[in-house]
Amino acid sequence: MISARELVPGIVAGHKRAIARGLTWIERDHDRGRALVHLLFPRAGGAHIVGVTGAPGVGKSTLVNRLTLTLRSQGRRVGILAVDPSSPFSGGAILGDRIRMQESVMDDGVFMRSLATRGHLGGLSRATFGAVTLLAAAGFDVILIETVGAGQSEVEVMQLAHTTLVVLAPGLGDEIQAIKAGILEIGDAFVVNKADREGADQTARAIRGMLSLSRRDVAWVPPVVKTVAEQGEGIEELVDAVNRHRQYLDESGQWAERRGALALHLIELAMGDWTHRAIAQAQRNVDWSAVMEDVLSGGADVEELARQLLLQALKGRNHEP
Amino acid sequence: MIRVLVAKPGLDGHDRGAKVIARALRDAGMEVVYTGLHQTPEQIVDAVLQEDVDVLALSILSGAHPTLVPRIMELMREHELNDVLVLLGGIIPDDDVEAMIQTGVSRVFGPGTDTKDIIDYIREHVRRDD
């Protein structure tokens, strides 16, 4: 059995097998996966992490395929993480994003991995954070993260990405009003894909109108780019917008700030992991139905109970859930 | 978590069977990477490599299995993907089954196979737990 330390050279050299195996360890969340992320984190600072989010069916996968081809033509190595939902019933998943990425993924300068959410909310999988670190350390210049088909609140990608692209399709019209909070607030650039369809201009106008009303950052005006990803139209303009955003982040000092914000989010996620472990451990070790009964009858103080469970998990220092 | 790549090599344009299998495996709690129609052996093996799946399930209806399967298995060996369980389904004449097994395929499932048998087979024969 090889150790995390032994896998590092292969990953840093960009060997596909080592990268793939490392990603599996991270997904399975065992000690070696965590050790690997820890070892690779110092090497992961250079990659431009670009999130691609939007409702199901707007063409995210096709867009990622086209973005990859254009980035490759500029000589940049591209890592792709595509997240699809796990079934809440069986835990299984169908990961179909490769279907639309066939043109780009055969290239040696591209590595693409499909991830299932495995119960994680927010539009990503828990493993996405470690997976990005690994791909960045493996020397990919740009890492594209395709979220699950997102609704209004799957906004976690902004915690991870330097640049978030929000993809829409024409014909939303008034719906833009309804979704202006949440996902429309996180775009560093907006993409109106399928722009050969009727209503593309209205949709673009509606987004611009919304942006003029509320902006997080007055110095960066998120561009609105019309694309027809299927035909490759508008992709160069979009890549140009992505590159300009990176330059803006560098010059404004936000590149470093976002890295700080990511560190904080990683700590929060790891704390969440301890919570899950505490509950799993308690379910193994105590009469859980009695605990539940105690809570429901009003006998137990939930706050105090939570504190005790966490303390026990931390005392055990047991990494394995 | 068992990860499976369901792949359709070659030129036949019917993936209903592959989709039925993909869905049954998902409902059995597996993660199924599906890559669509018309895959070359190179594309399939590259996907196995990158997705680090435990199982490769091939569906071939075109009759091209005598050329496609040996090529896929050769590429699998080249990339040292020896611990991946390879299953073959679709329309494979009885007379060809032994030759397919000789290339390194673990099992051939013919038309009308109960998906439960495939699921059980995968659970029993997956080779790696890492």
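Can you list, bin by bin at 10 Å, the percent of alpha carbon pairs in segment A:82-144, starting at 0?
21, 46, 29, 4
Let me see the P(r) profile for segment A:43-252: every Cα-Cα distance counted, bins of 10 Å, each bin given as a percent of all pairs.
Here the calculated profile for segment A:43-252 is 9, 37, 38, 15, 1.
Given segment A:261-316 reduced to its alpha-carbon atoms as identical point scatterers, what log10 I(q)/I(0) does the Debye formula return at q = 0.22, 0.29, 0.30 Å⁻¹?
Results for segment A:261-316 at q = 0.22, 0.29, 0.30 Å⁻¹ read -0.85, -1.15, -1.18.
In percent, how large is the relative contact order of chain A, given Cα pairs closer than 8 Å and 6 or more residues apart?
17
Under a 5 Å amide H to amide H cut-off, with H placed in plane at 1.01 Å, what residues pair with A:Ala93 once short-range neighbours are removed?
Answer set, sorted by chain and number: A:Ser87, B:Met30, B:Glu31, B:Val32.
How big is the gap, in Å, between the Cα center of segment A:84-148 and the Cα center of segment A:1-27?
17
Taking amide hydrogens as modeled 1.01 Å from N in the peptide plane, which residues meet the under 5 Å criterion relative to A:Ile143, leaving out close sequence neighbours?
Here the answer is A:His48, A:Ile49, A:Val50, A:Gly79, since their amide H atoms fall under 5 Å of that of A:Ile143.
Considering the options A:Gly209, A:Gly45, A:Leu81, tell which one lies farthest towards the positive end of the dipole of segment A:43-252, charges being +1 on Lys and Arg and -1 on Asp and Glu at the Cβ, about the Cα centre.
With unit charges placed on the Cβ atoms, the residue in question is A:Gly45.
Give me a single rounded figure for B:49-55: the average over its residues of other chain Cβ atoms within 10 Å of their Cβ. Please report the intermediate quantities before stating the final value.
Values: counts 5, 13, 9, 11, 3, 1, 0.
Whole-number average of other-chain Cβ neighbours for B:49-55 is 6.
Report the normalised scattering of segment A:185-321 as log10 I(q)/I(0) at q = 0.09 Å⁻¹, calculated by the Debye formula with identical scatterers on the alpha carbons.
-0.58
For the protein assembly as shown, go through all pairs of different Cα atoms, get the mean of 1/r, take its inverse, and jot down that Kirkwood value in Å.
Across the protein assembly as shown, the inverse of the average 1/r is 23.5 Å.
Work out from phi, with θ = phi - 60° and the Karplus expression 6.51 cos²θ - 1.76 cosθ + 1.60, the ³J(HN,Hα) of each residue of segment A:86-93, listed in order in whole Hz, and give x for Gly and Pro.
7, 5, x, 8, 9, x, x, 7
As a test of the formula, what do you get for chain B when each DSSP H run with n ≥ 4 contributes -39,500 (n - 2.57) and the sum is divided by the residue count, at 222 nm and rounded to the nearest 500 deg cm²/dmol?
On the way: 5 runs with 57 residues, N = 130.
So the helix-based figure for chain B works out to -13500 deg cm²/dmol.
Compare the peptides A:135-145, A:71-81 by average per-residue count of other Cβ atoms within 10 angstrom and give them in order, highest first.
Working: A:135-145: 24.7, A:71-81: 19.5.
Taking the mean over residues of other Cβ atoms within 10 Å, the ranking is A:135-145, A:71-81.
How much mean residue ellipticity at 222 nm does chain A get from its helices, if each DSSP H run of length 4 or more adds -39500 (n - 2.57) and you divide by all residues, to the nearest 500 deg cm²/dmol?
Calculated mean residue ellipticity at 222 nm is -15000 deg cm²/dmol.
Residues with amide H under 5 Å of A:Val191's amide H, sequence separation 5 or more or different chain, H placed in the peptide plane at 1.01 Å from N; which?
A:Val166, A:Val167, A:Leu168, A:Val225
Using a probe radius of 1.4 Å on protein heavy atoms only, what is the accessible area buried between chains B and A, both sides summed, to the nearest 100 Å²?
Chains B and A together bury roughly 2500 Å² of accessible area.
Each residue of segment A:155-169 in order: what ³J(HN,Hα) in whole Hz does its phi give by Karplus 6.51 cos²θ - 1.76 cosθ + 1.60, θ = phi - 60°, with x for Gly and Pro?
10, 5, 4, 5, 6, 9, 8, 6, 10, 10, 9, 9, 9, 10, 10
The values are calculated or read from the model by the stated rules, or taken from the named source; none is laboratory data. Because the structure is a prediction, the values reported are computed rather than measured. Heads up, the Cβs are rebuilt from the backbone with ideal geometry, glycines too, and the neighbour counts pull from every protein chain shown. Just the protein is used for accessible areas: all its heavy atoms, side chains included, with ligands, DNA and RNA removed. Shrake-Rupley method; radii C 1.70, N 1.55, O 1.52, S 1.80 Å.
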